[in-house]
Amino acid sequence: MSIFVIDDHPLMREAVVMLLRRLRTSTQVIELERLATVSRAIAEHGEPELVCLDLKLPDTHGVSGVREIRQMLPDTSLIVLSASPASDYEDLAREAGADAYVEKSAGAAQIGRVLREFLADEPEDENAPTIPEKLSKRQKQLLVMLDRGLSNRDIAEQLQISEHTVKVHLWRLFRRLNVKSRSQASHLARTAGLLDM
């Protein structure tokens, strides 16, 4: 398995690569400068287990890079490492498909802690639901609506989005919570107090 680090600033990219190599000596780390090179890297090295993505690349705008990576690699963990404050972009990045958002100013120890979470070996019971540290605003809305028993169509109408988009959001939410159904998601939300967040 490999890890892709996509950042057009050599110094930052090298720092992240060094951290990753220290955390996972056996894994191949692929350095990329822009989004346009990702398809070729996938063809050469296969799908990575993790992507570390700078939000602002020469060939991205806003969170477009997150969306593109998510389309290319729907099952790969995606961490955004950005110079932009979390208050500006974190919710947008998570809604676009990022699994985590870390400010570059957080420092090596904090960045290392987040990377370690995504590189950790599988938990003993990999089928057990997991309680995430933070959910996006949209994910919290979905949990409340699921708890109220709303159908995909009802959710789509309330949020003014398509039913297909609702399905995509739910799929990501279930993946994040490690659950298989609406009832499991509701049960976890109630027992873990996620509806009060």
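The values are calculated or read from the model by the stated rules, or taken from the named source; none is laboratory data. Since the model is a prediction, treat every value here as computed from it, not as a measurement. Here Cβ is always computed from backbone atoms with ideal geometry, including for glycine, and neighbour counts include all displayed protein chains.
Looking at the stretch 62-74, can you tell me whether even one residue there is among the hydroxyl-bearing types (Ser, Thr, Tyr), modelled with pLDDT of 90 or more, within 21 Å of residue 100 (Cβ to Cβ) and surrounded by fewer than 21 Cβ atoms within 10 Å (Cβ to Cβ)?
yes
So, in the stretch 17-34, exactly how many residues are assigned to a loop (DSSP other than H, G, I, E, B) and either acidic (Asp, Glu) or under 15 Å from residue 53 (Cα atoms) (or both)?
Counting residues in the stretch 17-34 that are assigned to a loop (DSSP other than H, G, I, E, B) and either acidic (Asp, Glu) or under 15 Å from residue 53 (Cα atoms) (or both) gives 2.
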